[in-house]
Every structure is written in C-alpha cells, then in structure tokens.
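The values are calculated or read from the model by the stated rules, or taken from the named source; none is laboratory data. Remember, predicted model here, so these are calculated numbers, not experimental data. Please note: Cβ atoms are built from the backbone with ideal geometry, for glycine as well, and neighbour counts cover all protein chains shown.
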C-alpha cells in the first residue's frame, strides 16, 4: 500500500513529518511512504532513505493562516494539494496532513472528492474517556449547519470506522443531546433520532455531554457546531482545572510537598485527557482516506497516523462506507 | 418588598425552603417572605414565625417527573403555580423555586407572562470562572431553537441583569462560538453577530468555549442547545477529572499521603467549579422576577436566592428590561 504524507504541514514541519515517515517506512516494509514537499529540505533531514520511502517534490506550502478555499484553489503545487491529488488519482491509498484543518477539508472536498451519496464529509477525532476506550466524535467542525440526514450519514460512517479500524463489532452509537429521552433536543436532533433508529447500527439513543467522558458510546454523533462547543468545553475545563490545581498546590510548604508526591499521576492525567494525543482524525465520506494529524504532532504522532491509515486501508474502510451508502 | 418561595419544590422540600425562608425573614426585616405550600408541613418545621413571614396554603405539588405543560395547566393549586400567580397579580415582586425546571419555565410563560416585546424568556445561571467573577450564561435551556433576534434579546437582558443585580457597569457580552473571528460559526451565530454589534451594550465579539472559564466575558450569549452542551461538558469534565484524580491518588502509600496533604485544596476546587453553588438562575424576559434555585438547594442556597431577588427588586430589574426592549 502507498501512503502520502504532507511533509510541509503542521507546527513542526517538515521535521516531525519526515522523521515520522522515516520511522513508519522502517517499521512497515510492505508500505510505501511518500513524503510530499520541498525535496531539499526533506533530504536534509534524512540520514538514510529506505527503499520504501519516496519523495515527491512540491514548491508551494499552505500556511496555517491561509484562507482554505482560496489557498487550495490557487496553490496547485502545494504539498497538501499534491498529496490529495495522489489519492484522487489512485497513486496513494491515503494521505496524512498536520496542516491547516480548513484547507485539508477543502482539499478533501475539491481534490479527493466525496463518496457518491455522501452529502457532507465529517471530521472525526477520538475524544478520550475515563475507561480509556475513547469515543469517535463526528462531525467536529467540517460542517457548521447539519441536516438530520447528515447526522444519519455520520452515524453510519462512524460505526463502520470503529468496526473496521478499531475492531469494535457492533459499536454503540449515541446522539449528542440535552437529555436522554427520545423526545429531547432541538429540531435537528429530534428529526435525526428516528433516522438513526432506522439505520443498521447499534443506536443507543441520546447521550448527554456530561456522560461522554464516561465512555457510554463508541461513536458520538453531533453537528459541527455543537461538537466544537463540546470539545472546546472539555479542553477548557481540563486546562482551567490544571491551572487551578497548580495555583492551589503552591499555596504552602504542605501543599507543595503533596503536589510533588503526586506529580507523575497528575502528568499522566493531563495526557490522558488530551484529545490531541489520541491519533489522527479521519475525514469520513471522502472517496479516499484523508487523515488529519494535530498541528502540534511530533514524529511519533505521524507514525501513529500511518499505523491508523494502514489498518483502514487493509480493512477497506472507504469501500465499505461506499457499499453501505449506496445500498 | 414581598418574595414568594415555592416551599414544596426541590430535593429537600419543604425543609430547605422553609428554613431558608425563615433565615431570610430574620435577616431582612423590610422583606416579607411568603412560604407557599402545605401549611401543616411548613408549620411543623417552624419553631417561631417572625411577623414578616407568612404562609399561603396550597394543596398540590408539581413533582420532578411531571410533564411541565400538563402539570402547570392541571395543578392549579400547586405551590409553584400559586407563587407564580402572586407575582402575576402583584401580590409578590418575586418568586423562588427549586422545583421542576421545565414546569417553572412553563409557569413563567403561562402564569407570570412575558415582557411585551420579548419573544422568548431565557434561563440564565452563573457559570464559574477561574478568576471568581463568573459569567452569566443565557439561554441555558429555556428554548432549544433560538433565532438571531432571540440571541440579541438575551444579550440585552443579560447585560442589564449584570449591571442592575451584580453592579458591573458596562458588562462585557460575548457570543458563544467556534472561533473568535466575526465570520465564524453556524447560520445562527453569523446572523446574530451584527445584531449584537448594533445593540447599546459592550459586545466583545465571539467567545470560544475553551475560554469561557478564563472569565473573558461577564455575559455569555448562546442558544439553549449549545449552552446546555457547554454546561454539561464542563460539569462532566470536572466530575471525570475528580474521579480520575481519586483513582490515581489511591495508587500507593506515597500518593495517598500526597492526596491527604492536598485534601482541603481539592475540596475547595470542587466547589469552585460547581455551578450549582453559584446562586439562583433568573428566568429573564418575564413580567416579574422568577428565580430558579438548583434542585439540591439547602437552606443557605434558598436564603442566597432571596438576597439576589432583593437586589433585583431594589434595582428595578424587570422595569429596566421592559424599558430597554420597548425603546
């Protein structure tokens, strides 16, 4: 299989992308890794080039502050766009990018293209849960205004992803809502509920935001706006709590000693709740695999995204989604 | 001034309502407290009856599991409904209830009635912030599907409340959104933005959910669905973190000692982040003051709600909202 990596995307580009790609090429000999980006900068980071590591030279870069649609349309030789074109043309089965999220979604829509029958692709990161299982939440920001049919498609795609990529058979699919009863919610969730009930999935009903971290579902369906509010609230609360803990713990000698004794546990908790450490987020609904790695990804995160892509390709994720949608 | 308390609402009714009302009557001699509910049960809890404490006997109770609209329509002699009628008829300037939230909102709409020009009343609790200032968030669940004009009314009412009740002149009003730039959001927030900009308030623009706890605004405007998702995410994350901390801290003797040294600080943090401890939530937009106390309110919380009601009445909150809306 062939996996393209946008070498120029993310906060630590090209270093983390190149080194992550190199590690992946060493580990998985059956996989061809293609680093797409500025060849001289990429070569400068490589002490050796394994036979399954290739470079495709590009001259342009989409920056974090670029306006997505404009950038994808104008920068035809940007590393991200070229990687997308490779997926579109069948020269790669997957692409990975830690670059501008909006531009990657645009690349997905305009360059890779949608699966026939899917109206809106969805960004689907894993949200950490206290039982460590995590839940795949979608959509987390690809579309701000979803219709009930979109939520139903998210549910189906998320369910297939958890099955094919994470090996969870019959994953529990929940609908993010303000109460657990079937008649709760806004117009969108009320109309989506019966559509989700009618799907060939394990729909467990409405899920309240406060229960998400308890791991009550494997897939959490939401519109991009509500999903973003949930994720950012989670992030903000965890970060506020850590800064309050820090403040409280430096109050006296007694609390400083207590905090020192607990430091490893506190650090562990912080990384446990950090959704950025939970791998790449697929853009589901595209006619090819596109994985968004977090902007702050290091080499290990990029290698982990390659691992995810390999599993998704082996288990024919895109083909399975296509088949279910067309039925 | 006269303040009616629904003596039969909440998890600890009638005890906490009666004792909270008694404490309030003792503290504020200029305020008449009316306990509305089952007279014999109320009297049984009172060792003395100050001259400014009255009882209005009612025979029915709206239960937590009652369907709101049906209950308010049918139980005409329910303590909550009778208290609402007292506000409507001018026999009380405010009512306080720790009972069924949906039923209280229905009582507000059907019994007390809206201010002319306000389409949708809003539930407006305080959300804790790490700088202790807190932010008044509205709407937190009175209406699931808001229109841009509703958000503008929430902004105006919230701004007046913070000024008149909390003494914050020119309070900073933010719009809950997925990004800080003016063009971010879903259709609702994009259309609401210019309406908020045009209001005679201190509109500070879009606020991301992760910044809310940092105290970036005094009033946070949102639709009831998104607001509920935010609040429940906050609650769920804090609660998940405390259970994870507990789990980590009992791992070894070392961590147990560390945790013991930090216990008072950890407890303080828990109550700091508990929005339930931050007073009653007004239902803004009604033609009279209605305060929702949390279901788990103790006597202290009920007394605190009386304190809030007194300030709001003294500063003519309802009259000020009416005046601004009619202009």
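Looking only at segment A:140-151, which residues are more than 12 Å from every other protein chain (Cβ to nearest Cβ) and surrounded by 22 or more Cβ atoms within 10 Å (Cβ to Cβ)?
A:150, A:151
If I go through segment A:105-131 residue by residue, how many of them are within 25 Å of residue A:273 (Cβ to Cβ) and not in a loop (DSSP other than H, G, I, E, B)?
4
If I filter segment A:272-289 for residues that are crowded, with 17+ Cβ neighbours inside 10 Å, within 14 Å of chain B (Cβ to nearest Cβ), assigned to a loop (DSSP other than H, G, I, E, B) and touching a residue at least 40 places away in the same chain (Cβ under 8 Å), do I get at least one hit?
yes
So how many residues does segment B:127-161 have that are out of contact with any helix residue (DSSP H, G or I) (no Cβ under 8 Å at 6 or more places or on another chain) and closer than 25 Å to residue B:100 by Cα?
Summing the residues that are out of contact with any helix residue (DSSP H, G or I) (no Cβ under 8 Å at 6 or more places or on another chain) and closer than 25 Å to residue B:100 by Cα in segment B:127-161 gives 4.
Do we have any residue at all in segment B:68-77 that's modelled with pLDDT under 95, crowded, with 16+ Cβ neighbours inside 10 Å and under 30 Å from residue B:116 (Cβ atoms)?
For segment B:68-77, residues modelled with pLDDT under 95, crowded, with 16+ Cβ neighbours inside 10 Å and under 30 Å from residue B:116 (Cβ atoms): present.
More than 17 Å from residue B:306 (Cα to Cα), touching a helix residue (DSSP H, G or I) at 6+ places or on another chain (Cβ under 6 Å) and surrounded by 22 or more Cβ atoms within 10 Å (Cβ to Cβ), is that true of residue B:96?
no
The rows are residues; the columns are (1) out of contact with any helix residue (DSSP H, G or I) (no Cβ under 9 Å at 6 or more places or on another chain); (2) more than 19 Å from residue A:23 (Cα to Cα); (3) at pLDDT 95 or above.
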position	(1), (2), (3)
A:284	no, yes, yes
A:288	no, yes, yes
A:291	no, no, yes
A:297	no, no, no
A:304	no, no, no
A:308	no, no, no
A:326	yes, yes, no
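Residue by residue through segment A:233-256, note down the ones that are surrounded by fewer than 21 Cβ atoms within 10 Å (Cβ to Cβ) and in contact with a strand residue (DSSP E or B) (Cβ under 8 Å, 6 or more places away or on another chain).
Passing the criteria: none in range.
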